[in-house]
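Quick notes on the structure that follows.
The values are calculated or read from the model by the stated rules, or taken from the named source; none is laboratory data. All of these numbers come straight from a predicted model, not from anything done at the bench. Ideal geometry is used to build each Cβ from the backbone, glycine not excepted, and the neighbour counts take in all protein chains shown. Ligands, DNA and RNA are stripped out before the accessible areas are found, and what is left, the full protein with its side chains, is counted by its heavy atoms. Shrake-Rupley method; radii C 1.70, N 1.55, O 1.52, S 1.80 Å.
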Amino acid sequence: MVEIKDLSAHVGASVTVRGWVEGTRGHGKVAFVSVRDGTGIVQGVLVKNAVDEASWGAHGSLTPESLVSVTGEVKAEPRAPGGYELGLTSLHLLALAEPYPIQPKEHGVDFLLDHRHLWLRSSQQRAGLLVRAEVEQAVHDFFYQRDFVRIDTPILTGSIGEHAGSLFETDYFGERAFLAQTGQLYVETACPAFRRVYCFGPTFRAEKSKTRRHLTEFWMVEPEVAFADSNDNMRLQEEFLSYLVERALENCSEELKVLERDTSKLEIVKSPFPRISYTDAVAELVAKGHEVTWGQDLGATDELALMESREMPLFVHDYPKAAKAFYMKENPADPLTVLCDDLLAPEGYGELIGGSQREDDLERLKARIVEAGLPLDAYAWYLDLRRYGTFPHSGFGLGVERTVAWITGRHHIRELIPFPRLMNRLYP
Ligand code: 4AD
Ligand code: MG
């Protein structure tokens, strides 16, 4: 058996391919079947006089997604998808498929999500998930090349990572446990052991928002670097994101074509990225007639307005302390703000990264935890990092689905994760 991706090495030879039927056509004495084997798609051509009766008969009974085995000579055919064609000598039906729910017509998105386990087989979904897999591989390559150590952080936790508002809570043998909103607090503690570390895993937020940018389960990569300040942190972010884009452009050109992505929008993405302070961003928004007051976090519409006329990702840095998480370091030059940044994507994809320098002063951090209404005792271990050789450090979190949605140009991030978890969706 040969895989479709390897057909070019078999031109002129007879090969057998096993796969699922994407479609069939017939014209009197000539019939076609297109077969997908998970590595590619190839068209098989049957000429009635050249194949046995059983093969010709089998073709007549094929339904979409039936499993077949086909044998025939490999021919270069520039007009065929994939560039090759099989001149079939035999066709065997291995598993007849029941009437397939997904038709080559427009389906509503709820119908498609109900059939997500089958929708995965569609060409645009395959393309999107292949780009995701490439981006995930690129994440590991980037950090491996830079001597980061991967630290796997727990998913069941007793301390709230971000904020109390969006927690999935579960009973843990009589104790309260939460699904991790972030791996950050844990990964921070690995800095004194390994200096440069990152975690990469699923994170959970009971967000009651039904937007194109929110999932309740999403994957986040979170590096953390000892002795890095907020400025170093932004430099790492722009190098990282540029690298992910570059890798997708390099290795996923076919997929981006299937997705009809305008890649000129990605080709211009090179570090360094422009930066604007939160304070200047608010002034810009006010000048545009937006109702935003200094002190509140920027909302989705504010971010959209900021990016309207921008083609490169944009750092917005030094947000008001009151609007951000408890662990961000107070800005010595302006104690009303913290040393943090959000990296906003162009084209309406919103915040791809949130990052900050961490509060490394024990007493200030304690006060922030109390102010945030969080229980100090649950953070004793986190505070230890400030008790035993405290040090400046910074890190960030990049949302994989948002990043891949932007790279692929898909409207909604739910298509860039194999099985999306949304407020109203736990099936399949
Ligand atoms: O800005 P966030 O909340 O930052 C953190 O969790 C920090 N602990 C990261 C760190 O400094 N180590 O989330 C980071 C990113 C966002 O920029 C966004 O891309 C993504 O995670 N994200 C979501 N993606 C999909 N659905 C959601 N509900 C998301 N919430 C955040
Ligand atoms: Mg954020």
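Structure notes:
- Beta bridges from DSSP with both residues in the chain: antiparallel share about 90 percent, rounded to the nearest 5.
- Rounded Å value of the spacing that divides the Cα centres of the range 123-193 and the range 380-428: 7
- Potential lengthening between Ala13 and His412 on full extension [0.36 nm per residue; Cα-Cα distance subtracted]: 139.2 nm
- A helix-only calculation puts the chain at -8500 deg cm²/dmol for mean residue ellipticity at 222 nm, using -39500 (n - 2.57) for each DSSP H run of at least four residues, averaged over all residues.
- Only protein atoms count toward the accessible area here, which uses a 1.4 Å probe; on the range 1-50, the carbon and sulfur part of that area reaches 49 percent.
- 11 Å beta-carbon shell around Leu120, net charge (K/R +1, D/E -1): +2
- For Arg132, the shell of other residues with beta-carbons less than 11 Å away shows a net charge of -3, using +1 for Lys and Arg and -1 for Asp and Glu.
- Local charge for Phe142 was computed over the other residues whose Cβ lies under 9 Å away, with Lys and Arg +1 and Asp and Glu -1, and equals 0.
- Per residue accessible area of the range 368-428, 1.4 Å probe, in Å²: 41
- What the range 1-106 shows is 55 Å² of accessible area per residue, with the surface traced by a 1.4 Å probe over protein heavy atoms.
- Cross-link partners of Lys288 among aspartates and glutamates (Cα-Cα below 16 Å; sequence separation of 8 or more within a chain): Asp280, Asp302, Glu303, Glu308
- Loop-located trypsin sites (Lys or Arg not before Pro) in the range 18-86 (DSSP state not H, G, I, E or B) with no more than 15 neighbouring Cβ atoms inside 10 Å: Lys29, Arg79.
- The chain - Rg over Rh from alpha carbon coordinates, Kirkwood radius: 1.07
- Normalised Debye scattering of the range 225-306 at q = 0.21 Å⁻¹ gives log10 I(q)/I(0) of -0.99, counting only Cα atoms as equal scatterers and leaving out solvent.
- For the residue pairs Lys5/Lys265; Lys105/Lys257; Lys208/Lys321; Lys208/Lys324; Lys5/Lys105; Lys5/Lys257, the C-alpha atoms sit more than 22 angstrom apart in Lys5/Lys265; Lys208/Lys321; Lys5/Lys105.
- Projection of the Cα convex hull of the range 275-393, averaged over all directions and equal to a quarter of that hull's surface, yields 8.0 nm².
- Of Arg150, Arg310, Arg116, the residue with the greatest mean-square motion in the GNM of the chain, using alpha carbon springs below 10 Å, is Arg310.
- Gain in span if fully extended, Ala54 to His117, counting 0.36 nm per residue against the direct Cα distance: 19.5 nm
- With every protein chain in place, the range 231-361: carbon and sulfur % of accessible area (1.4 Å): 50
- Sparse-neighbour loop sites [chymotrypsin sites (Phe, Trp or Tyr not before Pro); the range 136-236; at most 11 other C-beta within 10 Å; DSSP]: Phe173
- For the range 12-59 and the range 257-283, distance of Cα centres in Å: 46
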